[in-house]
Amino acid sequence: MRQYFTLFILAIIFAFSSCRTDFDTVASSGDLKFSKDTVYLDTVFKNIGSSTYQLKVYNKSKDDISIPTIQLKKGLSSKYRMTVDGMSGNNGKIFNDVTLLAKDSLYIFIETTADITDANPADFLYTDEIQFDSGANLQEVALVTLIQDAVFLYPKQNPDGSKEKIKIDGKDVDGFYLDENDAVNGNELAFTKNKPYVIYGYAGVPENKTVTFEAGSKVFFHSNSGLYVASNASLQINGTVSATEKLENEVVFKGDRLESLYADIPGQWGSVIFSNGSKNSSINHLTLKNGTIGLDIKSTGNTSIKNTQIYNCAQYGILAQNARITGENIVINYAGLAGLSCVYGGNYSFTHCTFNNNWQSSSHFAVSLSNSLAGAAPEANNLTQANFNNCIIYGSNTNEFNLSKNASASFVYQLNNCLLKFSSSSTNPDYQFTSDPVHYNQIILNQSPKFFNISENKLNIDKSSGAFAKGNQLYNIPLDIIGKTRTSPPDLGAYQSADFPK
């Protein structure tokens, strides 16, 4: 027995001694491999931290190596920060004697926070390099970030440390009212294209004031932020047709994360809220993306919405509550509950609009109409008009059109020359699309509009579309959403047909 025990001890000693080479390293020979030779950190606003980006470093040799230094070329003054295999080093800038085992790799995570004054004034790029070792063994990976200047609008901080508040729908929320004589920004009620704007909290339009957005204005909203149009206030968005996909003349509302990862993520910010008492507002050539509710409209004063695109909203593209809306050339795509939801009655007219909803849910709609609202007093309110002319109402669900009637209030609606997705057979008298001329005329059921690319929010059509040349000239809007002349008979939806790019 003692003999076996001795052999066991000797085996353990041999095993440990045979592994000692794992603790021996050789100096790096400058032959490291990298997952990329340049790390591009997407555009950031001045003094706002970037997302975290990854670089992978490989040791392809058969030897465990020690890298004497991994550091930023600008050293401790660099605006970049790193972690190397979970280590923070000297302020995230300099790392000494980093071991990398044979045939293994390590991760470097990089982020930055920089001011516009840190960037090259010629191109607004802030750059640095990650240096591995030095001298003859020096290897470098470039870091590049575009820093964008902006006008920042945000709630003031109260003496007790709390943030300034405004009241929206009876609730206090972090926010402030735009000031036409602000000491720093000048007239905050006149948004220009000179610089983008970044808004924190809700920016309120004061009573009896009008906020205007000139063509080319770009507004970026932080999380839980938005725009609020108060009683007797109004909003005027004056965008125009753009010649390129850069939307140079559109007014753009979107979240403030500029990285490509966030391009289509819903719910990054709140909403544009029109209070019950807000006055007549006008929206032309607005592109709104990635909100929770795109346009939240409670105003009984007419809101005109033309040539407007609303994409990737967590709840609704447009939520209208007893509102009055005239809409032309509107495109809505991807919304968690409904692209367009008109509740608690109101008065609506939509012509040459494309309402599509491919949200991955079985309960969403492209369009939903209701004349009631739970908890309201009274619960029902008259829907005096809801007209849809030359429109497309489509999506990924079986039925993309929903009606919810309360018999105690009027419910007046009519669809004329519309392509509609509604596949289930129904004996419900509200959905008799071919035999109810009071509510439905020339309805095209379940023919694919053959949009160009739904996932990229490109809802253009070509001549193979079920919407091609199916419109009624009576409701024709001469120019489509991108300024193209419509033919006779016109195509349905916001886009006149064109050949798709090859």
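The table for this structure:
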item	result
Selection from Cys391, Ile318, Gln157, by position along the positive dipole direction of the chain (Cβ)	Cys391
Dipole magnitude (debye, nearest 20) for the range 66-182, charges at Cβ of Lys, Arg, Asp, Glu	340 debye
Length gained when the stretch Thr427-Lys62 is fully extended (0.36 nm per residue, less Cα-Cα span)	123.9 nm
Added length on full extension, which subtracts the Cα-Cα distance from 0.36 nm per residue, Thr43 to Val438	136.9 nm
Total formal charge among the other residues, if their Cβ is under 15 angstrom from that of Asn347, Lys/Arg +1 and Asp/Glu -1	+2
Net charge, Ala366 excluded, C-beta distance under 12 Å - Lys, Arg +1, Asp, Glu -1	0
Share, in percent, of DSSP beta bridges within the chain that are antiparallel, nearest 5	30 percent
Mean Cβ neighbour count within 10 Å, used as a protection proxy, ranking 250-262, 338-350 highest first	338-350, 250-262
Length-normalised contact order of the chain in % [C-alpha pairs under 8 Å, at least 6 apart]	7 percent
Accessible area (Å², per residue) of the range 320-391, counting only protein heavy atoms and a probe of 1.4 Å	28 Å²
Radius of gyration and Dmax over the Cα atoms of the range 341-409, both given in Å	13.0, 35
Percent accessible area from carbon and sulfur atoms, the range 344-423, protein chains only, probe 1.4 Å	43 percent
Tilt relative to the chain, helix 2-18 - C-alpha long axis, 0 to 90 degrees, to 10	70 degrees
FRET efficiency, Ser488 to Ser404 (Cβ-Cβ, R0 51 Å, nearest 0.05)	0.90
Evaluated over the chain, the Cα radius of gyration and Dmax, each in Å	29.5, 105
Protein accessible area in the range 28-180, 1.4 Å probe - carbon and sulfur %	47 percent
Table column - 3J(HN,Hα) (Hz), the range 341-357, Karplus curve with 6.51, -1.76, 1.60, x for Gly and Pro	10, 10, 10, 6, x, x, 9, 9, 9, 10, 10, 6, 10, 10, 10, 10, 9
Residue-averaged 222 nm ellipticity for the chain, from DSSP H runs of 4+ at -39500 (n - 2.57), nearest 500	-1000 deg cm²/dmol
Of all accessible heavy-atom area on the range 252-298, the percent that carbon and sulfur account for (1.4 Å)	49 percent
Cβ-placed point charges (K, R +1; D, E -1), dipole of the range 178-223 about Cα centre in debye, nearest 20	260 debye
Mean accessible surface per residue for the range 392-502, computed with a 1.4 Å probe while every protein chain stays in place, in Å²	49 Å²
Positive-end extreme of charge dipole, the chain - chosen from Asn358, Gly92, Ala409 (charges on Cβ)	Ala409
Kirkwood hydrodynamic radius of the range 392-502, from inverse mean 1/r over distinct Cα pairs, in Å	15.3 Å
Rounded Å value of the spacing that divides the Cα centres of the range 232-255 and the range 341-411	26 Å
Lys, Arg +1 and Asp, Glu -1 on Cβ, resulting dipole of the range 193-342 about Cα centre, debye, nearest 20	240 debye
Global geometry of the range 97-149, whether rounded, prolate or oblate, following the gyration tensor of its Cα atoms and the 1.5 cut on a/c	prolate
Rounded accessible area per residue of the range 160-238, 1.4 Å, Å²	46 Å²
Residue-count net charge about Gln268 - beta-carbon cut-off 12 Å; Lys, Arg +1, Asp, Glu -1	0
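The values are calculated or read from the model by the stated rules, or taken from the named source; none is laboratory data. This structure is a prediction, so every number in the text was calculated from the model and none was measured. For neighbour counting, all protein chains shown are included, and Cβ atoms are generated from backbone atoms with ideal geometry for every residue, glycine included. The accessibility values were calculated without ligands, DNA or RNA, using every heavy atom of the protein model including side chains. Shrake-Rupley method; radii C 1.70, N 1.55, O 1.52, S 1.80 Å.
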